[in-house]
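The values are calculated or read from the model by the stated rules, or taken from the named source; none is laboratory data. Only a predicted model underlies this, so the values are computations on that prediction, with no experimental measurement involved. All Cβ positions, even for glycine, are placed from backbone atoms using ideal geometry, and neighbour counts span all protein chains on display.
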Amino acid sequence: MLVTRRRRLASLLALIALSAIGALTTLCFLPPKYPRIAWPDGKEFAFTIVDDTDKSTIENIKPVYDCLYELGILTTKTIWVLQTNEPNIPEGSSSHGQTLSDRDYRSFILELHNKGFEIASHGARGVSTKRFETEDAIGRFKQIIGHYPHTHINHGSNRENLYWGVSRLDFWPLRILYLLGGGERDYTGHIHGSEYWWGDVALRNIAYVRNLTYEDINTLKINPSMPYHNPRKPYVNWWFSSSNGSDAQAFNRLLSKKNVDRLEREKMLVYCIHPFCKRFCLRRFLEHNHKAFTGRFGFQKWLVCPCKRNSRLSERV
Ligand SMILES: [Zn+2]
């Protein structure tokens with residue numbers, strides 16, 4: 001009985017925390033004020049996608065990249081460098097997927113890189129990795145790809161994630177609510193002395209790290225200052241936010257007709273996160289909407305890899 005009550009209380013607190021986050025976000029950003037970016041060549045908006053590499057294999061993502069390349073859409077592919085080294089991870093877990101340690105996959109990634117896709121970091125591997133291996137992985141990334149990753153996206157519950165869990169929030173009442181609701185605090189990539197510490201390596205080598213994700217399609221309207229530096233999180237050079245396209249439903253909801261209509265109206269930026277291993281949804285979506293995207297909605301009005309796009313945003317900081 002007591003356990004049930006505690007669980008109910010924890011759920012209630014989690015709900016209050018989420019509602020408070022939503023309300024504060026709304027209050028902070030209403031009325032909408034965001035910079036109108038002068039995109040290159042008079043283009044009206046920018047759209048890009050970051051592919052979370054969880055469960056990716058050549059077999060399940062190559063068709064998506066072939067399709068994107070045909071459409072001239074050069075997006076960001078995150079990768080892992082090292083194979084998962086935990087034997088008990090269940091098949092089908094998001095910690096699995098091919099990595100640069102696989103020769104064929106390495107060739108596939110290099111081909112994408114040569115075609116103009118941005119290759120970014122999703123951490124050393126799909127599970128928690130200690131400092132010496134993270135350093136090794138970053139070195140191998142440079143050796144194989146030719147440069148350090150411009151962009152890093154934290155993965156799931158990897159302990160070396162930078163400013164993850166409760167550390168994603170700055171506002172202390174939200175942090176308390178988050179923890180009371182059962183949120184995690186055990187991410188220590190940014191904590192000097194931790195066995196997972198690599199903040200100094202990130203600061204030296206990585207330009208951009210993704211933090212919060214929103215439901216709104218206009219990422220820049222929600223977070224007009226991005227990319228931004230947060231002095232309370234000194235081991236990340238620049239943060240950026242993203243719009244949620246984390247599964248088929250969210251992706252299609254984000255790119256609904258109503259939302260896409262706003263593309264031209266608001267001259268916006270969409271920074272969508274979507275795992276391409278869920279290829280059937282995306283491929284069908286792209287095929288069905290190719291005409292719309294290249295025609296009315298001007299999907300190809302201005303598309304560059306996010307590292308270049310973020311650089312452009314940085315110019316005005
Ligand atoms: Zn992931």
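Figures for the structure shown
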{"read-out": "Residue tally, condition farther than 20 Å from ARG265 by Cβ and surrounded by 16 or more Cβ atoms within 10 Å (Cβ to Cβ), over region 229-243", "value": "9"}
{"read-out": "Residue selected from region 188-228 under the condition within 14 Å of ILE138 (Cα to Cα) and hydrophobic (A, V, I, L, M, F, W, C), by the criterion modelled with the lowest pLDDT", "value": "ALA207"}
{"read-out": "Number of positions in region 114-123 that are in contact with a helix residue (DSSP H, G or I) (Cβ under 9 Å, 6 or more places away or on another chain) and either within 16 Å of the ligand (Cβ to nearest atom) or more than 23 Å from ASP66 (Cα to Cα) (or both)", "value": "4"}
{"read-out": "Residue within region 91-100 that is more than 24 Å from VAL201 (Cα to Cα), under 18 Å from the mean Cα position of the chain (by Cα), surrounded by fewer than 19 Cβ atoms within 10 Å (Cβ to Cβ) and within 16 Å of the ligand (Cβ to nearest atom) present", "value": "yes"}
{"read-out": "Restricting region 195-222 to residues that are buried (at least 16 other Cβ atoms within 10 Å of the Cβ) and without any contact (Cβ under 8 Å) to a residue 40 or more places away in the chain, the residue that is farthest from the chain's Cα centre (by Cα)", "value": "GLY199"}
{"read-out": "Top-ranked residue in region 127-140 [being assigned to a helix (DSSP H, G or I) and within 16 Å of the ligand (Cβ to nearest atom); ranked as nearest to THR75 (Cα to Cα)]", "value": "ALA137"}
{"read-out": "Answer residue from region 53-81, given it is assigned to a strand (DSSP E or B) and β-branched (Val, Ile, Thr) and is farthest from the ligand (Cβ to nearest atom) among those", "value": "THR76"}
{"read-out": "Test for LYS257: is it more than 19 Å from PRO63 (Cα to Cα), modelled with pLDDT under 80, out of contact with any strand residue (DSSP E or B) (no Cβ under 7 Å at 6 or more places or on another chain) and surrounded by 18 or more Cβ atoms within 10 Å (Cβ to Cβ)", "value": "no"}
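Here is a yes/no grid of residues against (1) within 19 Å of the chain's Cα centre (by Cα); (2) at pLDDT below 95; (3) surrounded by fewer than 23 Cβ atoms within 10 Å (Cβ to Cβ):
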{"residue": "GLU133", "(1), (2), (3)": "no, no, yes"}
{"residue": "LEU169", "(1), (2), (3)": "yes, yes, yes"}
{"residue": "TRP172", "(1), (2), (3)": "no, yes, yes"}
{"residue": "GLY182", "(1), (2), (3)": "no, yes, yes"}
{"residue": "ASP186", "(1), (2), (3)": "no, yes, yes"}
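A quick yes/no check of all residues on (1) within 16 Å of the ligand (Cβ to nearest atom); (2) among the polar types (S, T, N, Q); (3) part of a loop (DSSP other than H, G, I, E, B):
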| site | (1), (2), (3) |
| --- | --- |
| ARG125 | yes, no, yes |
| LYS142 | no, no, no |
| PRO149 | yes, no, yes |
| ASN154 | yes, yes, yes |
| ASN158 | yes, yes, yes |
| LEU174 | no, no, no |
| GLU184 | yes, no, yes |
| SER194 | no, yes, yes |
